[in-house]
Amino acid sequence: MGKKKFKIGVVGAGYVGLVTSSCLAELGHNVICYDKDKEKIRELNKGKSPIYEPGLEELIKNNLGRKLNFTDRAEDIYPESEVIFICVGTPSSQDGKPDMSYVETCAIELAKFITDYKLVVEKSTVPIRTAEWIERTIKLYNPKANFDVASNPEFLREGSGIHDFFQPDRIVIGVNSEKAKEILLQIYNDDDFKCPKLITDVKTAEAIKHASNSFLALKISYINMVADFCEKAGIDVDLVAEGMGLDKRIGRSFLKAGLGWGGSCFPKDVKAFVKMAEDLQVDFSILKEAYRVNERRIEVFIKKVKDALWVIKGKRIAVWGLSFKPNTDDIRESPALKIIPLLLNDGAFLSLYDPKAMENAKKIFPPSDKVHYANSLEESVIGAHALAIITDWDEFKNADLNRIKDLMLTHIIIDGRNIFDPKKVREMGFLYYPMGKP
Ligand code: UDX
Ligand code: UDX
């Protein structure tokens, strides 16, 4: 199939929108990315990424002003673009259903600019039938509009979004017309993307995204339940996961026990899938339990801190990791956001350190006499009674533990991500509390 280049509009300059636009520009398409946030656009136009995502800023710089442009004005994106990817946020609202107002705004704004054929592609995670709503909305505001709505869900993991864009396991293309299918197969052509491509109708593609994300969350909750079992039974959960993972039917990935899943997707998407099922009179009880298991990880961890320290009041605790996972500055739904207030409530003094997420964390926990932000791993542990590990950054795994030990007052590690070998750290003289191990 030929490698036609398209004029592509991307709405939303968040994690998904920025990765999508810079990667499509890198492939040679003419991309314009639109976001309402003027400050964000100003920074992007200077070549500065508003988020930390490995490789992203380089891609933006490579293509800025040539294949990639940023704007905060609807009239700059919609009239010209042949294909429009919707990447605006779909945050949870009060009742657990996603707030679809940003997607609706996008459809309304876009409608008045449709003069010739346009393909509108949902990339954001959206409830089943969102495409039908987008279609209806556009028609309501522009009855003569000539367009298709397709679903091409993203499966990007933050921290490896660029890799996941170029080397996906699969590409799901949900379309209801031949024309839409052809365009998306030209963008995701076999030369650039060697992976399997699954063509479905739009509704099925929307469902695949939800079923996938919820399954991954369920898998992690399952191993965390196994972790609790292992701990009580005097077994190492990581060895059990290794043994399970060697079975191809199970697979080793997403079997890392610990503090559970956070981020902008899993918590929101699991809730949304449960709600969607409820609307169809299906009780998705297994997912409700996966959610509860995940929430209980925080209690399990806090109990370990208490078991380790006896009294928390007045203790100095170094906290490593604020982001919800490594290689990102994103703190949305990070376990740190729940653990920090609980420790502060119990009267601890905290010294926080994260390689990338401290600026974001400061907006929620401003520095105070109880909350200190350290400039390095080592600074964070000076005089600490204990070290609590919340995120599995490589920098933590590679820490010089002899040096860390010298700097700490008492040698206690509560490890929410099992980043160390228990035998080794114990031999070094630490009291070590991992998750799901004897
Ligand atoms: C979001 C969703 O959270 C996720 O479920 C979905 O799969 C993809 O979109 P993310 O890219 O991480 O993921 O969202 P976020 O970082 O919040 O970015 C959304 C962007 O859209 C923001 O920059 C926001 O300013 C922008 N936006 C929002 C608009 O430009 N217009 C709007 O009307 C609303
Ligand atoms: C996820 C999906 O993987 C991606 O396909 C989708 O498009 C967006 O949501 P993301 O949230 O960026 O990506 O990160 P992911 O790597 O999936 O991790 C999610 C959470 O699960 C993190 O908090 C991580 O720490 C946790 N996790 C992951 C575990 O606790 N154990 C594991 O084995 C894997």
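The values are calculated or read from the model by the stated rules, or taken from the named source; none is laboratory data. Small disclaimer: the values here were computed from a predicted structure and weren't measured. Counting neighbours? That spans all protein chains shown, and the Cβs are built from the backbone with ideal geometry, glycine included. Heads up: the accessible areas ignore ligands, DNA and RNA and are worked out on the full protein's heavy atoms, side chains in. Shrake-Rupley method; radii C 1.70, N 1.55, O 1.52, S 1.80 Å.
Quick notes on this structure:
- Entry remark, the range 80-106: residues being without any contact (Cβ under 8 Å) to a residue 12 or more places away in the chain and more than 12 Å from ligand 1 (Cβ to nearest atom) number 2 in total.
- Meets criteria (under 26 Å from residue 76 (Cα atoms) and under 23 Å from the mean Cα position of the chain (by Cα)) for residue 135: no
- Considering 307, 279, the condition of being more than 16 Å from ligand 2 (Cβ to nearest atom), without any contact (Cβ under 8 Å) to a residue 24 or more places away in the chain and charged (D, E, K, R) is satisfied by 279 alone.
- Residue count for the range 238-275, restricted to those that are under 25 Å from residue 153 (Cα atoms), aliphatic (A, V, I, L, M) and modelled with pLDDT of 95 or more: 4
- Test: residue in the range 426-435 that is closer than 22 Å to residue 241 by Cα, in contact (Cβ under 8 Å) with a residue 12 or more places away in the chain and assigned to a loop (DSSP other than H, G, I, E, B): yes
- Meets criteria (part of a loop (DSSP other than H, G, I, E, B) and at pLDDT 95 or above) for residue 406: no
- Residue in the range 51-62 that is over 23 Å from the mean Cα position of the chain (by Cα), open to solvent by 50 Å² or more (accessible area, probe 1.4 Å) and within 27 Å of residue 105 (Cα to Cα) present: no
- Picking from residues in the range 381-398 that are open to solvent by 20 Å² or more (accessible area, probe 1.4 Å) and not in a helix (DSSP H, G or I), the one that is farthest from residue 338 (Cα to Cα) is 398.
- Every residue from the range 17-44 that is of a type in the set (Asp, Glu), within 19 Å of residue 124 (Cα to Cα) and buried (at least 19 other Cβ atoms within 10 Å of the Cβ): 35
- Test: residue in the range 322-338 that is in a helix (DSSP H, G or I), hydrophobic (A, V, I, L, M, F, W, C) and either open to solvent by 50 Å² or more (accessible area, probe 1.4 Å) or within 26 Å of residue 50 (Cα to Cα) (or both): yes
- Filter pass, residue 47 being open to solvent by less than 20 Å² (accessible area, probe 1.4 Å), on the phi > 0 side of the Ramachandran plot and more than 16 Å from ligand 2 (Cβ to nearest atom): yes
- Among residues of the range 103-148 being outside any helix (DSSP H, G or I) and hydroxyl-bearing (Ser, Thr, Tyr), the one that is farthest from ligand 2 (Cβ to nearest atom) is 115.
- Looking only at residues of the range 22-44 that are part of a loop (DSSP other than H, G, I, E, B) and within 17 Å of residue 8 (Cβ to Cβ), we find that the one that is farthest from ligand 2 (Cβ to nearest atom) is 28.
- Some residue of the range 50-66 being more than 16 Å from ligand 1 (Cβ to nearest atom) and in contact with a strand residue (DSSP E or B) (Cβ under 6 Å, 6 or more places away or on another chain): no
- Taken over the range 225-262, the criterion of being of a type in the set (D, E, K, R), in a loop (DSSP other than H, G, I, E, B) and within 12 Å of ligand 2 (Cβ to nearest atom) is satisfied by 252, 256.
- Subset tally (residues that are surrounded by fewer than 21 Cβ atoms within 10 Å (Cβ to Cβ), within 28 Å of residue 5 (Cβ to Cβ) and within 16 Å of ligand 1 (Cβ to nearest atom)) for the range 184-230: 1
- In a residue-by-residue description of the range 150-172, the property of being over 28 Å from residue 117 (Cβ atoms), acidic (Asp, Glu), within 16 Å of ligand 1 (Cβ to nearest atom) and in contact with a Cys (Cβ under 9 Å, 6 or more places away or on another chain) applies to at least one position.
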